[in-house]
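FYI, it's all coordinate maths here, none of it is from the lab. Because the structure is predicted, anything quoted here is derived from the model rather than measured. Neighbour counts run over all protein chains shown; Cβ positions are idealised from the backbone, glycine included.
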């Protein structure tokens, strides 16, 4: 809310926003920070405004920073305002017939007492309560001393005061004060700091932030996050005794700025907002942000010079970053995305009334202190429409898209009316800045080294793979890690309706990779090509590995065509929803209409699911099965034993274990891979030795990274270098010994690793 230039100090407006009435009070130009807890005058003015506006849900004091009092705080003060009206207009407590019945001489004293009570009620309700209690005590003492002719009059007056007291003590504010009597001293307002804690909203944004840490919560964790050198935020994780969710308390730089800096940002935002990028400019988000960043710096410098404000270089950069974030960017959502511990962000409808929720890697589900505004989420929806080129309206109430800001990557799902009757809602899946790798998954125990070695072997064997799982099970992340196991000399075609796989990262690693963006299955009409047509087109683009982001609908038939063509030639892989191999079969055949015989083109199904902790409060992502699909069955692979587990999750050990079928060499798929390689056909010991060798290398990387304190050894760049060294060393050993025997390959790889470590010192 902005008041027009020249608006009277302390004037107010009521605005209807997001289904609630908000009282905005103008404190621009006031010589102090407006505060209900600090100032009796501010409380009095607010109560006066509330007496005229009984439907208010929130109170906002407008200054360089806006001070927002939420529904609960507003309701407390609204009770006082309504009680004041009741006393004055209905009870008419200052009228002569209420104050005097038979003794005129008492009128003046009683009038002055109750006038003072009403005055205090608006400025300091707790003091008013204390004064009223004193009047009742004094009245009872007087009753014992007064002449018999006036006792009835005094009893009636006392009864009247006690009625007033009963009504006052029914209010939430006085109830709270009665529970904390030691915290109130007459003339002091310290207790009000416990009651009225405003969210602080800088003038250049609409999103609210609960600034104070909750007093009745235990601090669990604290750390710092940053997006750039001048863009640091602080996170505190707290736990309340009777609540299952942790509290994620964020303090971004925009909420701890100097008043002069707030003023500059407010002025600059007013200028930049008139020069919003056009739709076509949003196709290159990074370039547009850089242009606006440079403009923001120049504008802030000019405004600072005009206002006589000195800006240091770090301050200028910090303010420019914040300004871009709150004009063409996505506000505090961007700050949340800077936190590498966050996996998911949820903005639920109705937006203004519900805080943002996040899923934290260490602390699971958390409620944040961030309350987005309707203005902000409407603005973000418009930007996502422009970025995606896809509709979001009543005919298309679902939008799937992606956000990329520098290294920050996220999948965005938005719903609106009529699907979401309460308005816009967002689900944001944060992707890791760098791709996941198999060693990283080994480190966090999503799978073990043997599983990593097995999957690496299967990828090199050019098999068809489906990564299955429930929502938030890590399917796409695992598929991305498998891409890094493909030897870079092979061409890769990636087909997605929402761009989630780490294509850009692979390009930087010099992979030959093509990305196709196809139509979402949720869209009714669009100019985009269907996933089905995209897959069929990929078969015309030459010899390539084919990766499908997610198998959802009609493209399944085309994918299985590609699997049948690609078998024994190149990797074909994708993700699909399913909690078991048979669940995948049921979805592919019965839901998506793929013929039963075509399903046999699937070689390997990897199932990953969240595993709940015994207390039910947390979950951990785990690969729970690696299964092969046999080809002998006719109708039902479950009944006819068409699924054979190579590795299965042991819940007691929290680890994947090799099955007898894998250990004893009863895997038909692995035998098929071996049958095409000289020296491996019919030699299971050599084949299994190679799987164990790959596992040993992945495990060694994890252990060395931890030992030397170099986490980058597990990242995609070094993973690729390590894989290349493994293949090169294996080639040398084959020339000398005929087979890539682990007893020769591993020591040479270790020697190579030590040389690489010396380079990194």
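Under the Kirkwood approximation for Rh and a Cα-based Rg, what ratio Rg/Rh is obtained for region 1-197? Don't skip to the answer; put the middle values down first.
Values: Rg = 19.1 Å, Rh = 18.3 Å.
Answer for region 1-197: 1.04.
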Using the Kirkwood formula over every pair of different C-alpha atoms, what hydrodynamic radius in Å results for region 259-325? 12.2
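Determine the gain in length on full extension of the stretch residue 743-residue 420; use 0.36 nm per residue of separation and subtract their C-alpha separation, reporting nm with one decimal.
Numbers: separation 323, 0.36 × 323 = 116.28 nm, distance 6.07 nm.
Result: 110.2 nm gained on full extension.
Given a Förster distance of 25 Å, report the FRET efficiency between residue 306 and residue 273 from their Cβ-Cβ distance, rounded to the nearest 0.05. Please list the in-between numbers first.
Working: r = 19 Å, r/R0 = 0.75.
Working from the Cβ atoms, E equals 0.85.
Can you tell me what the convex hull of the Cα atoms of the chain projects to on average, as an area in nm²? Don't skip to the answer; put the middle values down first.
Values: hull surface 167.0 nm².
Averaged projected area of the chain's Cα convex hull equals 41.7 nm².
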Residue order, fewest to most surrounding Cβ atoms within 10 angstrom, among 327, 596: 596, 327
Which peptide among 510-517, 90-97 comes first, and what is the full order, when sorted by highest mean count of other Cβ atoms within 10 Å? 510-517, 90-97
Helix 313-325 against the longest principal axis of the chain: what's the angle in degrees, Cα atoms only, rounded to the nearest 10? 90
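Applying a 10 Å radius around every beta-carbon, put 29-35, 439-445 in order of their mean neighbour count, most first. Intermediate values should be presented prior to the final figure.
Working: 29-35: 14.3, 439-445: 20.3.
For the peptides 29-35, 439-445, the packing ranking is 439-445, 29-35.
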Bin all alpha-carbon pair distances of region 1-60 at 5 Å intervals from 0 and give each bin's fraction as a whole percent. 4, 18, 28, 26, 18, 6, 0
Two-site label geometry, residue 115 and residue 33: point separation in nm, points 7 Å out along Cα→Cβ: 3.7
If one computes the Cα centroid of region 722-761 and of region 61-93, what distance in Å separates the two points? 75
Rounded to the nearest 10 degrees, the helix 716-737 long axis (Cα) sits at an angle to the longest Cα principal axis of the chain of 20
What base-10 log of the normalised intensity I(q)/I(0) is obtained for region 58-115 from the Debye formula, alpha carbons as equal point scatterers, at q = 0.25 Å⁻¹? -0.95
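May I ask you to compute the full-extension gain from residue 107 to residue 398, defined as 0.36 nm times their residue separation minus their alpha-carbon distance, rounded to one decimal in nm? Could the numbers behind the result be given before it?
Numbers: separation 291, 0.36 × 291 = 104.76 nm, distance 6.93 nm.
Result: 97.8 nm gained on full extension.
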Tell me, 507, 622 in order of fewest to most beta-carbon neighbours within 10 Å? 507, 622
Taking the Cβ of each residue in 166, 325 as the centre, tally the other Cβ atoms inside 10 Å and list the residues starting with the fewest. 166, 325
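Would you mind classifying region 438-663 by shape? Square roots of the alpha carbon gyration tensor eigenvalues, ordered a ≥ b ≥ c; an a/c under 1.5 is rounded, otherwise it is prolate if a/b is larger than b/c and oblate if not. Write down the numbers at each step before the final one.
Details: a/c = 1.45, a/b = 1.27, b/c = 1.14.
The shape class here is rounded.
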How much length, in nm to one decimal, is gained on full extension between residue 407 and residue 91, taken as 0.36 nm per residue of separation minus their Cα-Cα distance? 107.2 nm
